[in-house]
Every structure is written in C-alpha cells, then in structure tokens.
1. For segment 249-364, what is the largest minus smallest coordinate of the Cα atoms on each principal axis, given in angstrom and ordered from greatest to least?
2. Can you check what the Kirkwood hydrodynamic radius comes to for segment 340-389, Cα pairs only, in Å to one decimal?
3. Structure shown: which of Lys296/Lys494; Lys472/Lys494; Lys265/Lys377; Lys221/Lys265 lie over 26 Å apart, alpha-carbon to alpha-carbon?
4. On a 0 to 90° scale, report how tilted helix 131-144 is relative to the longest principal axis of the chain, with both axes built from alpha carbons and the result rounded to the nearest 10.
5. Under a plain spin-label model, where a point goes 7 Å from the Cα along Cα-to-Cβ, how far apart in nm are Ser351 and Phe199?
6. From the P(r) of segment 217-305, could you give the percentage of C-alpha pairs in the tail past 18 Å?
7. Against the globular-protein guess of 2.2 N^0.38 Å, express the Cα radius of gyration of segment 23-127 as a ratio, rounded to two decimals.
8. Plugging the Kirkwood radius over Cα pairs into Stokes-Einstein for segment 129-179, at a temperature of 10 °C and a viscosity of 1.306 mPa s, what D comes out in µm²/s?
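Read-outs throughout are calculated quantities, based only on the coordinates presented, and are distinct from any laboratory measurement. This is a predicted model, so every value here is computed, not measured. Because the Cβ atoms are built from the backbone with ideal geometry, glycine has one as well, and the counts that use them run over all protein chains shown.
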Amino acid sequence: MKQAIITAAIAVTALAACQKDETTISVNLTDMPEGTIVEIYRQEGRVGTPVFTDTILNGSFNHTYVCDSFDINTYYSVDICNDNFFSGRDVYISPNTSSAVSGSGTNTYKWTVTSKNPHQQFSNNINDAYIDVIDEMGKLEAKLQDSEQTPEERQMLQQSYDSIRNVYNNLSISTLAKLPVDEYWMEMFDMMTMSVRHFGSAHPKYAEFVELYNRMSDADKATPAGKRITLSINGKTLAVGDKYIDCDLFDVEGNSHHLAEYQGKWMLLEFSSSSCGPCRMLTPVIRHFYDIGVGKNLEIITLTEDPKDIYKEMVATDKPANPLWNNQDLTLFPTYKIAGLPTFYLISPDSTIAGKWEGLDLQRIVDAIITAGAFPKPEYRTENGATIIANPTFTSSNHVILVGEVELYADSTVLNCTHPSAISFAIKPETHLVANNKEISILKSNDGRKKVIQSFSGDIGQYRITFGPQPKGATEFDFVQDNREECFRVMGVKVKE
C-alpha cells in the first residue's frame, strides 16, 4: 500500500512537471454567433500556418492549445470568422508559461490577452487604441444595413462611416507617434513601411512615415529592422536600365550564393514565398520550362525571405528544378521594393534590368523567355513522308500555350501542344489555323472528336490537334481561337527553314 502511494505521488509530480513545462494558450469565448469558426495560427516571421480549427457551439468556446513551436520570431493569433466578419488577436507566448485569450462577443479588440512576453503589452497598447473606433464603426455598419432609412439618412450615415474609417486608417501612425521607439515599435513600423515600396514618395502617408522615421536613432537604423525601414523609406526604386543589386542568399544546405554566379546569362528573378498561392502554382510551370531546355540560356531564380524551417519545407515539397534561394536578413525584398508577390525582375547578360512586373502574368514570363532567346532551337526531320518540326519558332503569343512539334502531312497538319499553366484552359472547336490568309479548321482532337479540350489548374495540359493541310507555299501559320482579345493567338509559327 505504501509503495502504491509513493508510485502515485511520483506520477502526479511527473504530470505536474510535464504540465508546468508546457507552453499553452487558453481560449475562453462567450456570447458568440453559432457556427463561427475559431482558428489558431502559428506566425513565423511573415508566414502564418493554421494549427487548430473548431466551430462555436451553443454560443461559447473553451480550449487550451499546447504550442508546439517557439522561438524569438514565433507568435500565435486567435482568429474568428463567419460570413460577415474576420478578426483576431495576436498572442506573444513565453516558453513554459500559459497565455490566455478571453472575451465576449465578436469585437476582438475588447478581448483580454494576457502573457508574460513583454511584446504582448506593446500589442495590447496598439489594440486598445482601436477599441472605441471599432465600436463606432460597428454601430454605423449596423445602421447602414437597416433598409428602412431614407436616402438622405443613408447618405449622412455613409459620410459618418467614411469619416470614422479615415480615423481608423490613421490610427497606426498616430499611435506609433505616441509610443517610445523600441524593438516592438520597430517591428510594427517595418511592416507598415512595406506599402511605401510600391508608391515611394507618392504614398499618401509618406510625410507621416518620414516623421516616424526621424524619431529613430542612428542605433535604431543600424538594426536589421532599421535597415529594412531605411530601404523602404529612402532606398532607390530600381528601374529598367539600372544595374541589379546582389544580396547574401542561401540554399537549403546553408551554402552561400549570389546572383553574380549567373552574371553574363539572362536571369529571371521570381520573388516568392511559401504562403503565396500564385507563386507555388508556378512551380510545375517553371519545371516544364527547364524540362524543355529553357534553363540553358535563362536562369529562373526563385527568391524568398521565409523563416529557415518553412523555406526548407517549401524546397522539400516543391522539389524545384531551378535555384530556390533564401535571404535571411530580410533586406532583399526592401532592396527591390517588393510590395506584392510574385514580383519578377528580368536581368540581361550585361547585369542591367531589362523588365519588371508584379503578379502572376504567365504571358510576361513567355515574353521574357523569347527576349532571352531561351526556347530551344527548331529541328527539322522527315518521317514517313511527313515533315516534322520540333520546337518551331513563333513571333508572338498572347497566352501560355506552346507548340512543341508540328507534323506536316499531305492531307493534314498536326500540332502537339503544351499548356504549362497554373490556371484552367480549354481549346474550343472554333480554334483554327491561318496560313496565306486561308482559315484551316480542326479535323479532330486528342480523342478523335472535334470538341473542347480541357486542362485544369495545376495540370500541364498536353494536346494533339489535327487540322486540315497547309496551303501550297505556306512558310508559317497563326494558331488562333478567334479575334477576341481574351482568346489565345500564337502568331507566326514557322514551318519552313
């Protein structure tokens, strides 16, 4: 009996020690709309990963989440959402301690967040500055949804709402102006100045940002966050014709790299992130370009600023065919004034910027490959009385469909095409060729029938399409759906050497 008591006491002590060593977030919410979704995100640097999801039942929610990751750059957020709203609160944890989020209703600014991490107090101070404004905005939004108002009453309410919304938009600046400059202040200001990268001095709040910047000491400006802020506020916006700027970059093994490794070769820089959906959709497209030999004359270099673990996971998952390098001091994106992802810079062999654009524009990528002369050279051969042209050249294309091979027979023209795109695509029955001003219709498609050929998002579409024969003396043809702007056109596909 005595041995059993001792054993039980040891077990309880061990359990208490285990619980004491855990880092937890206790969430207790009441008076919540039924069906509201509660999510907890782990935020590492600027990448958020959902780690817990549940749904409100009977108007309340109570849960203790055990944090499975902690370092100086990690914090969590507790978010709620339904069809009408999305909001949340950040929680800055400390190891081996319990943090808590509690509140009533959907105004998350009124929730209480407690933590022993000193960053939490700064976050709470910022949050508290918004409480009254958010309350007033909520009341006005409810009144605006009232259908019984007269047009005049509605106009007055809208003006009041717009006015309070303007106050809300200025609160971050006015709040930082009142708080002392410290590491948390710098972190928030660093995030805010990302918007300046796109507009530069034309940003509507640029003067206010400069005033905040001038509050920073030389020592503040010398910190990693201070350097990024300086680049965002004062850094030069790189233009076409400027020399590219190199940075310290690292691969998944920790080896150091620089863009200068490919100096003298065309480079297409893709600024990306593991959390950027359109960026990740490009991975199979880039792999296809490398499969057909584009990488011989054009190096597509994907660049991220993700935390190391997330970057490594991205490499392991995507298995990229091209260089995928990481910048660890987070100065790369502000140097290139990256305000949205993906963003692309085309670098010529003389190290100058030949083009730049923002967003998933696949046509611009194809144009860059054409500019670099990176598509493989055409090859002509004869098989069974047919002329086969592999990798035929073309003068222009308004869509990402590639004619990989043309087969010229006496009674038909066969196109073997690829659509290496991240979006759905279809070749419709009205698609035709034009040669010597003569329209050549589809005879049959992949499965022998004249119909729509569909490929879906994430696929590399493969099409074999049979048209009528080329007219006598034709040296090239256009491959078109029709003349509408949104329809694809591959112009000047050459069939003669």
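1. That gives 33, 29, 27 Å along the principal axes, largest extent first.
2. Values: mean 1/r = 0.0748 Å⁻¹.
Final number for the Kirkwood radius of segment 340-389 is 13.4 Å.
3. Numbers: Lys296/Lys494 22 Å; Lys472/Lys494 14 Å; Lys265/Lys377 17 Å; Lys221/Lys265 36 Å.
Beyond 26 Å: Lys221/Lys265.
4. 60
5. With each label placed 7 Å out from Cα toward Cβ, I get 3.5 nm.
6. Values: 2404 of 3916 pairs.
Percentage above 18 Å: 61.
7. 1.00
8. Values: Rh = 11.9 Å.
Calculated translational D: 134 µm²/s.
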